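> Quick one: structure below, then a few questions.
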Amino acid sequence: MAACTRRDFLRAGAGAAALVAGTGLRAGGAEPPGPAGPRAVASGNGLRATDKAVEVLRAGGGPLDAVIAGVNIVEDDPEDMSVGYGGLPNEDGVVELDASVMDGPTHGAGAVASLRNIKNPSRVARLVMERTSHVLLVGPGALKFALAHGFEEEDLLTDKSRAAWLRWKETLSDRDNWVPAKAESLPEQLRSVLSTHGTINCLAIDASGRLAGVTTTSGLAWKLAGRVGDSPIIGAGLYVDNEIGAAGSTGLGEANLRTCASFRIVDAMGRGATPEQACLQVLEAVAAKAKRWPGLCDAEGRPSFGLEFYALNKKGEFGGAGFFEGGRYAVHDGSENKLREAAYLYKRRPAR
Ligand code: GLY
C-alpha cells in the first residue's frame with residue numbers, strides 16, 4: 001500500500017482554516033450576518049440554478065420548489081453532459097438518470113435511480129416523496145411511475161453525447177472492429193476523452209430557515225447498465241436536517257457510497273463544525289479510506305478521483321470543498337450570485 005507523504009495535505013478543521021489562509025486560497029465559507037436566507041449553494045455547474053432558486057424563494061416559493069426549479073435548468077440543457085438531457089450514457093449508449101430530493105421541514109425524501117427517457121428525474125424524485133409511501137424507485141418501476149404522473153418519454157441522447165459515446169467505444173481497444181474517426185475530423189471537445197462524471201447538487205434556505213436539497217445526474221459515463229451512484233442515495237449524495245443544515249456531493253459516487261458523506265457532513269455541522277470545516281473533515285476521512293481502494297489512490301496514497309462536497313447550515317453559512325485545488329462552487333448569498341473557490345485537501349500535482 002502506498003504511503004501518503006501529506007506534504008501538501010491541508011488538514012481539516014481549525015488547522016485547515018489557517019493553512020488555507022496561509023496558501024492564499026480564498027476559501028468559500030462565509031459567516032453572513034442577519035437572516036439565514038434566501039440563499040442557495042450548488043456545484044460549479046449550478047450558477048443558473050442558484051440564481052433561479054433565490055428568484056423562486058423571493059417570489060414566495062418553498063425551498064424545495066426553489067432547488068428543483070434551479071436544477072431543472074441544467075437537466076434541460078443539452079450542453080451540460082453530466083445531467084438530464086444530453087447527459088453521457090452508459091456503456092450501451094443509453095442515458096440512465098439518478099436523482100434525490102430532501103425537504104427539511106418534513107424530513108421527507110424521494111429518489112429515482114436508473115431512470116431512462118425522462119429528462120427531469122428531480123421532479124420524479126419529488127413525486128416519489130410526495131405521492132408514495134416509498135423513498136426510492138428504480139429502473140422500469142421508476143419509469144412506470146413517471147409515466148403515470150404524465151411525464152413524457154424522450155430520447156435523452158443528443159448528437160453530441162452520442163458522438164462522445166461512439167468516440168469512447170471506438171477507442172477502447174485496437175482488437176475489436178470499431179474504428180475511430182480521425183481526431184482532426186472531430187470537434188475539439190471530443191478529441192480527448194470527456195470528463196466521465198459530473199452531477200448537480202443544489203441546496204437552499206429561505207428567510208424562515210427552511211432547508212431543502214436536490215442532487216441529479218446522468219452518473220458515471222460509460223457505466224454498466226443498472227449502475228447506481230451516490231446521487232439518489234439519501235445520506236450519500238444528499239442529506240438535509242432542518243435543525244442543522246444540508247449537504248450534497250458531486251464526483252465519484254462509489255467513493256461516497258462507501259462513506260455516506262452527506263450525512264456525515266450534516267452530522268459534523270451538528271457537532272459544531274462550520275460548513276467548510278465539515279466538508280474538509282469528511283474529505284479527510286474519505287481520503288484515509290481511499291488508501292485501501294486499489295486503483296483509486298495514486299503512488300503517494302492520495303485519492304486519484306474527484307469528490308466535491310457542498311454544505312449550507314441553518315444560519316445560512318455555506319462552504320464547498322474538494323480533494324484538489326481549483327474547484328469552484330456556486331453561491332447566491334442573497335445579494336450576489338457567483339462562483340467561489342472551494343477549499344481543498346491537496347494542491348494539484350504539477351504537470352510532468
Ligand atoms: N456523483 C455522481 C455519480 O457518481 O453517479
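> Viscosity 1.306 mPa s, temperature 10 °C: give me the Stokes-Einstein translational D for segment 117-262 in µm²/s, with Rh taken as the Kirkwood radius over C-alpha pairs.
It comes out at roughly 90 µm²/s.
> Is the shape of segment 63-140 rounded, prolate or oblate, going by the alpha carbon gyration tensor and its root eigenvalues a ≥ b ≥ c, with a/c under 1.5 for rounded and a/b larger than b/c for prolate?
oblate
> OK, next. Which distance in nm do the two modelled labels at E130 and E170 give, with both placed 7 Å along the Cα-to-Cβ direction?
The two pseudo-label positions are separated by 4.5 nm.
> Something else now. Let me check I've understood the local charge: for A330, count other residues with C-beta under 10 angstrom from its C-beta, Lys and Arg +1, Asp and Glu -1. What total comes out?
Numbers: positive: R48, R328, K338, R340; negative: D51.
Its environment carries a net charge of +3.
> How about segment 136-178: which chymotrypsin sites (Phe, Trp or Tyr not before Pro) there are in a DSSP loop, with at most 14 other Cβ atoms within 10 Å of their Cβ?
Sites meeting the loop and neighbour criteria: W178.
> Which GluC sites (Glu not before Pro) does segment 40-137 hold that lie in a coil by DSSP with at most 10 other beta carbons within 10 Å?
Answer in residue order: E79.
> Does anything in segment 127-156 have its amide N under 16 Å from the 7 Å Cα→Cβ label point of L257, and if so which residues?
136-139
> Something else about it: By the scheme Lys and Arg +1, Asp and Glu -1, what is the net charge of all other residues having a beta-carbon under 14 Å from that of V71?
-3
> On to the next question. How much net charge surrounds R116 when only other residues with a Cβ under 9 Å from its Cβ are counted (Lys, Arg +1; Asp, Glu -1)?
In short, -2.
> Using a 1.4 Å probe on the protein heavy atoms only, what accessible surface does I68 show? Give it in Å² to the nearest 10.
Accessible surface of I68 is approximately 10 Å².
> Which entries in the list K52/K119; K160/K338; K223/K338; K119/K182; K169/K223; K314/K347 go over 22 Å, if you measure between the two C-alpha atoms of each?
Long pairs (Cα-Cα over 22 Å): K160/K338; K223/K338; K119/K182; K314/K347.
> Would you kindly derive the ³J(HN,Hα) couplings of segment 241-246 from the backbone phi angles with the Karplus curve 6.51 cos²θ - 1.76 cosθ + 1.60 (θ = phi - 60°), listing them in order in whole Hz, with x for Gly and Pro?
Values per residue, Gly and Pro as x: 10, 4, 7, 10, x, 9 Hz.
The values are calculated or read from the model by the stated rules, or taken from the named source; none is laboratory data. From a predicted model like this one, the values you see are computed outputs, not experimental measurements. Neighbour counts are summed over all protein chains in view; Cβ atoms, including those assigned to glycine, are modelled from backbone coordinates with ideal geometry. Side chains are part of the model used for accessible areas, which takes the heavy atoms of the whole protein and leaves out ligands, DNA and RNA. Shrake-Rupley method; radii C 1.70, N 1.55, O 1.52, S 1.80 Å.
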